[in-house]
Amino acid sequence: MNNFLKLIILVFSNFYFSQNYAVSSIPEELKSKANIVIRNDVSTYVINSIDDMEINHQNVFTVLNKAGDEDATVAIHYNKSTRVSDIKVQILDANGKVINKYSKSDFTDVSSVSAGSLYQDDRVLFLNYIPVSYPYTISYSYNVKTPNTIFLPDFYPLLDYNTSLENTKITIVNKSGIKLRTKIVESSFAKVTSSGDANNMTYSYQNFPAIEKETYSPSLKTILPRVQFSLEKFTLEGKQGDMTNWTTFGNWMYKDLLTPVSVVTPEIKAEVAALNLTGTTSEKVKKIYQYMQNKTRYVNVSIGIGGWQPIIPDEVRKKGYGDCKALTNYMKTLLDAAGIKSYYSVITSDETPQSFDPDFPKMGGNHVILMIPTEKEPIWLENTSQLMAFNHLSYNTTDRNVLAVKENGIEIIDTPVYQPEENQEIIKTKVVLNEDNSINLNSDFYYSKAQYDFNMYMLGLSKEDVKDAVKGRYDHIKIENLEVNNINNDKEKAEITYQAKFKVNDYSKKLGNDIFFRVLPLLETSNISADEERKLPLSLPFSYQDIYETEFTIPAGYKLAEKPLPIALNSEFGSYNLDFKLDGNKLLVNRKITISKGNYPKEKFKAYADFRKKTTSLDHTKILISKQ
């Protein structure tokens, strides 16, 4: 550790440990709606050279109640090229008195393996303190030394709900002589303060109250302020690169990350030749893609250059598995062997769209997909699923941009945006009304695009589990004698369909000789509460259209007392239609709702809640039939 960092740590540590961390000193406004209060979170990054960075983390947080325990684990991530030292942990009681101390020997050291992982370079040291009373405070600090200068964090005030903040600070000391770019993304939620000069900058946030998660609120990353950092020259696992702009960064990714592991071997050439490809580019790509899907499965294999470099495609060919990088690169290599150009594309997969900044190149993203240019629209391939439809991206990778890595640099390209009419749920149901208040239903279910994504889980279920899933989805009615048949995954169109037959008891009500029943048996909606003052923007994450076509067979001897009038609602958020037709003893009910995705200021939330209150009321429309 260099003397400069030692001095910084000494100064901060004296301040850090001399603070009063009694719970009584926390301002009341920071306790409101909080499970955890971050008392003091200080990080110092000293960049000594292109391949030498030292980091000191010091953090103190108070857990106010049992709900805060989930986020109270001390976790320190590292890998084989990172050295962690000087780990110190103290547990303080409500009065700020130290009641326990821990060191590195008390931590558990495990592989940082996520679900679906096979093996990884990453590891984590963690300490899970079991409290005896609340509130309590955890104070910890540690040092990190790493040659990987490519990773500099975005600096947010916090990223968790029900967490408040007294003070957080980051200091970047740049002694490398390499230009360090910074960018402040401002927000009305908090103000970042800064001090220092270009080579020694400090940024901080203070006194930020807890945020509660609200219905239809966006990811905190998209609404909170942040400071971004990026070195123009960097090192990743011994590979030096240039991030002056996206072109130079893309050149490095293509040359140092992808080219060494993108070899078309004779065996891979033979694989492709055996497919006997004919037809258009799209037809050839589809045949290769479906071959790849049938041959491989997803397993997380985060090795190579910092977990960012794919394993070689011949290993995937032999073993039949890989992570998103490996499977995408394998698919790309198969296309190379067929003479079809494609681009390895880095993306941020998240329910709330997050895009790369065209004006601020930096390492990022958490997923990789493949883009194939054609004379018409690009073909997009998600390579980690054996069940995914051809040229379909899931809802958490649409409507954002990717870093498409090309021979001459990175091109930032937008992924598709699906319209409401593409993201459909269509349920066509024939209902027989029985005089004993039961109904018999025969339904056809259809889901496309984003709603296809939401229903793909059913494809991997057993027959009994499928039944349980249907019963769970419609738990507002008493389903009996359920049969689910003909589940089909149309991998050409990204559509899932199936049929269901079942009986529901106690659905209608007798009123003397009349029968009273809801017109939408497979729909249970509830109002969105708009009573409390809204704090967060309104985010409708994806567009969709739901269509319910229900045909009721009215029992012999009964007649519709009065046919309801058709209803149409329109708002800036979408539209709603409910229509009724009578054809002999058949009552036809058509319900359609269309919602458009969008981000709106918090003031719009009440209007959206009012719109949905009206649609919910109409969804509960009841009809009376009278005995003649």
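The values are calculated or read from the model by the stated rules, or taken from the named source; none is laboratory data. Here the structure is a predicted model, which means the values were calculated and not measured. Note that each Cβ is placed from the backbone with ideal geometry, even for glycine, and that neighbours are counted across all protein chains shown. Just so you know, the surface numbers come from the protein's heavy atoms only, side chains and all, with ligands and any DNA or RNA stripped out. Shrake-Rupley method; radii C 1.70, N 1.55, O 1.52, S 1.80 Å.
Quick look at the numbers
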read-out: For residue 188: the one exception among (1) of a type in the set (Gly, Ala, Ser); (2) open to solvent by 10 Å² or more (accessible area, probe 1.4 Å); (3) at pLDDT 95 or above; value: (3)
read-out: Extreme residue, farthest from the chain's Cα centre (by Cα), among residues of the range 43-57 that are over 18 Å from residue 201 (Cβ atoms) and not in a loop (DSSP other than H, G, I, E, B); value: 49
read-out: Filter result for the condition that a residue is in contact with a helix residue (DSSP H, G or I) (Cβ under 8 Å, 6 or more places away or on another chain) and at pLDDT 95 or above, over 225, 209, 157; value: 209
read-out: Options 582, 578, 587; residue that is among the hydrophobic types (A, V, I, L, M, F, W, C), open to solvent by 30 Å² or more (accessible area, probe 1.4 Å) and outside any helix (DSSP H, G or I); value: 582
read-out: Which numbered condition residue 179 misses (of (1) farther than 25 Å from residue 231 by Cβ; (2) of a type outside the set (A, V, I, L, M, F, W, C); (3) exposed (fewer than 15 other Cβ atoms within 10 Å of the Cβ); (4) in contact with an Asp or Glu (Cβ under 9 Å, 6 or more places away or on another chain)); value: (1)
read-out: Out of 402, 432, 417, sole residue that is β-branched (Val, Ile, Thr), touching a Ser or Thr at 6+ places or on another chain (Cβ under 7 Å), part of a strand (DSSP E or B) and open to solvent by 40 Å² or more (accessible area, probe 1.4 Å); value: 432
read-out: Long-range neighbours under 9 Å by Cβ, at least six apart or interchain, first residue more than 16 Å from residue 61 (Cβ to Cβ) and among the aromatic types (Phe, Trp, Tyr) within the range 76-99, second assigned to a strand (DSSP E or B) and modelled with pLDDT of 95 or more; value: 78/84; 78/144; 78/146
read-out: Conditions (1) under 28 Å from residue 33 (Cβ atoms); (2) part of a helix (DSSP H, G or I); number of the one not met by residue 204; value: (2)
read-out: The range 520-532, residues that are open to solvent by less than 30 Å² (accessible area, probe 1.4 Å) and either within 30 Å of residue 283 (Cβ to Cβ) or more than 27 Å from the chain's Cα centre (by Cα) (or both); value: 520, 521, 522
read-out: Meets criteria (exposed (fewer than 15 other Cβ atoms within 10 Å of the Cβ), under 24 Å from residue 536 (Cα atoms) and within 30 Å of the chain's Cα centre (by Cα)) for residue 159; value: yes
read-out: Extreme residue, most open to solvent (accessible area, probe 1.4 Å), among residues of the range 347-362 that are under 15 Å from the mean Cα position of the chain (by Cα) and modelled with pLDDT of 95 or more; value: 355
read-out: Which numbered condition residue 535 misses (of (1) touching a strand residue (DSSP E or B) at 6+ places or on another chain (Cβ under 8 Å); (2) farther than 30 Å from residue 459 by Cα); value: (1)
read-out: Lone unmet requirement of (1) at pLDDT 95 or above; (2) of a type outside the set (S, T, N, Q); (3) open to solvent by 10 Å² or more (accessible area, probe 1.4 Å); (4) in contact with a helix residue (DSSP H, G or I) (Cβ under 8 Å, 6 or more places away or on another chain) for residue 344; value: (3)
read-out: Hits in the range 444-466 - residues which are part of a helix (DSSP H, G or I), more than 25 Å from residue 420 (Cβ to Cβ) and either out of contact with any Leu (no Cβ under 8 Å at 6 or more places or on another chain) or open to solvent by less than 50 Å² (accessible area, probe 1.4 Å) (or both); value: 463, 464, 465, 466
read-out: Long-range neighbours under 7 Å by Cβ, at least six apart or interchain, first residue free of Cβ contacts under 8 Å to residues at least 40 places away in the same chain within the range 383-408, second assigned to a loop (DSSP other than H, G, I, E, B); value: 393/382; 393/415; 393/416
read-out: Members of the range 478-519 that are hydrophobic (A, V, I, L, M, F, W, C) and either without any contact (Cβ under 8 Å) to a residue 24 or more places away in the chain or open to solvent by 20 Å² or more (accessible area, probe 1.4 Å) (or both); value: 479, 482, 484, 487, 511, 516
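Residues are listed down the side, and each one gets a yes or a no for (1) at negative phi; (2) modelled with pLDDT of 95 or more; (3) among the polar types (S, T, N, Q):
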{"site": "274", "(1), (2), (3)": "yes, yes, no"}
{"site": "305", "(1), (2), (3)": "yes, no, no"}
{"site": "309", "(1), (2), (3)": "yes, no, yes"}
{"site": "329", "(1), (2), (3)": "yes, yes, yes"}
{"site": "337", "(1), (2), (3)": "yes, yes, no"}
